[in-house]
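Each remark here refers to the structure printed beneath this line.
The values are calculated or read from the model by the stated rules, or taken from the named source; none is laboratory data. As the structure is a prediction and not an experimental result, all values here were calculated from the model. Every residue, glycine among them, receives a Cβ derived from its backbone with ideal geometry; neighbour counts consider all protein chains shown.
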Amino acid sequence: MIKAEHVGYIYQKGTPFEHRALYDINLEIADGTLAAVIGHTGSGKSTLIQHFNALIKPTEGRVIIDGTDITNPKTDLRLIRRAVGLVFQYPEHQLFEETVYKDIAFGPATMGLDKAEIDERVRLGARLAGLREEHLQRSPFELSGGQKRRAAIAGVLAMEPKALILDEPTAGLDPKGRDAMLSVIKKLHEENKDMIIIFVSHSMEEVAGIAERVIVMNEGRVEIDGTAEEVFANAERLRRIGLNAPQMALLADKLRAAGYDLPENIYTVEQAAAAVKKLIGGNTGA
Amino acid sequence: MLRDVVIGQYVPGKSPLHRMNPPLKMILMIAYIAVLFVIKSAAAYALFTVCAVTLIMISGVSVGMILKGIKPILYIVIFTALLNIFMTTGEVMWSASVFGLTLRITKEGVTAGALLTARLIYLVTGTSLLTLTTPPLQLTDGIERLLKPLNKIKVPSHEIAMMMTIAIRFIPTFSEEADKIKKAQTARGADFESGGLIKRARAMTPLLVPLFISAFRRADELAEAMEARCYRGGGNRTKMKEQHITAFDIKAAVIFVLAAVLILLAEFWIEI
Ligand SMILES: Nc1ncnc2c1ncn2[C@@H]1O[C@H](COP(=O)(O)OP(=O)(O)OP(=O)(O)O)[C@@H](O)[C@H]1O
Ligand SMILES: [Mg+2]
């Protein structure tokens, strides 16, 4: 479980450049949750998630990972970082080894595992991240953008973290690459029932498709926190902070207002298409 | 990391020092250093101290920022001061023998040590004041202006200034990037802090390789962007922001020169 209690964070505290990024954040994320963090640029998403594996420590409040308080000076932060895998925005920029295999092996190797175990972990990570065998012996710099990103994610998964956090995993990918990335996340969630997965996103469509819980950030605060349904019910509030409910939800709203009888919970194109199909089918009496 | 380096760290403000014309400020800075290296007497140093403190007060820069600039050279200052105190020959004030070595403190040594300490501290204070009150890009513009007469002997002043501008422009970018990559590798279990020298140097690979790759990528992008905007070097370029000398600058320069003359008078005419 990941827990944040009254977390506040100030960058470069005590200098003329100090800047407050988070105010009084309270969250509790249970094991097995697939959650999305969404918000305007600069709303503090990246800052928040870096607390979850102790890369930064809160300037106020506490962050507790599986019962361990990261602000406690006695806590071994390396164990926290192993338990919570963090994939940064544009993780492909952190690749450095000669081959993809070696790069994925970097994390497990720092954990002091033996060769056979490292090999097993590398293959597991690659498989979970959706990377093919034949890519392993190539140089990471010969891969496409989307493949590079998977290689970087595989490097984190190879450490077998109990929680996985991804900062904008779909940024800069084409629609196909984006869908592939989202299905990797979805599959991870389905195959690892206890794993907490948190991903940051800019797009409501993405979030609506897969997230069980949506945390909306605005100017360093949690604005709305709940299931996708609960969050998208606040269309007006979302608009006020510069976000939009998913297009299909808005479309469904319009259709409902025009007197069509559509079910709740329509967020994706597939859901909308199915509902409309059903409606048409019903009207023609077939 | 790089963020802690004060030289080159501009503190925005509206003080007279901030408003001065940068090339002029640099010339005055050279004068300041010249005076600093000429004076030796206590009277001159006293006057110099008054002037330096006044400058800091006018600048509105906090004393803490100035002290931060002095911190990196603290050990050099202490070391050279000690060398001077113990190694200068002259009138002995104190002596002792340790492990068969005779340590002597001489009057001349103490004077030389104090002089040197004051010089180094004022030198850093002055240059920090210049960089703390002038935006880096105005500094390089100023350098270009000062180097311009050397164009006649084929010194590429514009290109030199451009290179410095680009370098300065990318310091924060790379510092940020290094921070980010360091965090990302830490999240993957990299350890940059523990271990001996060799282990630590090797641990830098996951940081340095991505940083270099990103530097080359950025260099490429920047070159393309500059070419796309038809940049072609120094010849006949005009500036978007000209740095003019104003009446205010002339006043400031006069005050500065008068202060320098006073200090030099104290040096050469007052005998202590
Ligand atoms: N290293 C830093 N030093 C100082 N301020 C920072 C630093 N990193 C972020 N900030 C500031 O903190 C605030 C929150 O930044 P953060 O990166 O968490 O936003 P974000 O929601 O992830 O934005 P984006 O969607 O653009 O990634 C911003 O105002 C940003 O300018
Ligand atoms: Mg971010």
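Here are the numbers for this structure:
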item: Output for the stretch B:160-189, where each listed residue is under 19 Å from residue B:22 (Cβ atoms) and either within 14 Å of chain A (Cβ to nearest Cβ) or exposed (fewer than 13 other Cβ atoms within 10 Å of the Cβ) (or both); result: B:163, B:167
item: Residue satisfying condition, being within 12 Å of chain A (Cβ to nearest Cβ) and either crowded, with 17+ Cβ neighbours inside 10 Å or outside any helix (DSSP H, G or I) (or both), within set B:216, B:212, B:192; result: B:192
item: Top-ranked residue of the stretch A:20-45 - restricted to ones that are among the small types (Gly, Ala, Ser) and crowded, with 19+ Cβ neighbours inside 10 Å, ranked as farthest from ligand 2 (Cβ to nearest atom); result: A:35
item: Among the residues listed as A:179, A:167, A:194, the single one being within 14 Å of chain B (Cβ to nearest Cβ), within 23 Å of the chain's Cα centre (by Cα) and not aliphatic (A, V, I, L, M); result: A:167
item: The listed residue being closer than 24 Å to residue A:195 by Cα, touching a Gly at 6+ places or on another chain (Cβ under 9 Å), surrounded by fewer than 22 Cβ atoms within 10 Å (Cβ to Cβ) and of a type in the set (Lys, Arg), out of A:62, A:78; result: A:78
item: Members of the stretch A:148-189 that are at pLDDT below 90 and at positive phi; result: A:172
item: Failed criterion for residue A:145 (all others in (1) within 14 Å of chain B (Cβ to nearest Cβ); (2) within 22 Å of residue A:190 (Cα to Cα); (3) under 20 Å from the mean Cα position of the chain (by Cα); (4) not basic (Lys, Arg) hold); result: (2)
item: All positions within the stretch A:143-172 that are without any contact (Cβ under 8 Å) to a residue 40 or more places away in the chain and within 16 Å of ligand 2 (Cβ to nearest atom); result: A:170
item: Test: residue in the stretch B:92-99 that is surrounded by fewer than 16 Cβ atoms within 10 Å (Cβ to Cβ) and within 14 Å of chain A (Cβ to nearest Cβ); result: no
item: Set B:214, B:175, B:157: member being outside the structural domain of residue B:47 (by TED's automatic domain parsing), at pLDDT 90 or above, polar (S, T, N, Q) and farther than 23 Å from residue A:108 by Cα; result: B:214
item: Qualifying residue in the stretch A:173-182 (condition: assigned by TED's automatic domain parsing to the domain that holds residue A:104 and in contact with a strand residue (DSSP E or B) (Cβ under 6 Å, 6 or more places away or on another chain)); result: no
item: Residue, nearest to the other protein chains (Cβ to nearest Cβ), within the stretch B:23-65, restricted to residues that are of a type in the set (Gly, Ala, Ser), out of contact with any helix residue (DSSP H, G or I) (no Cβ under 7 Å at 6 or more places or on another chain) and under 20 Å from residue B:252 (Cβ atoms); result: B:60
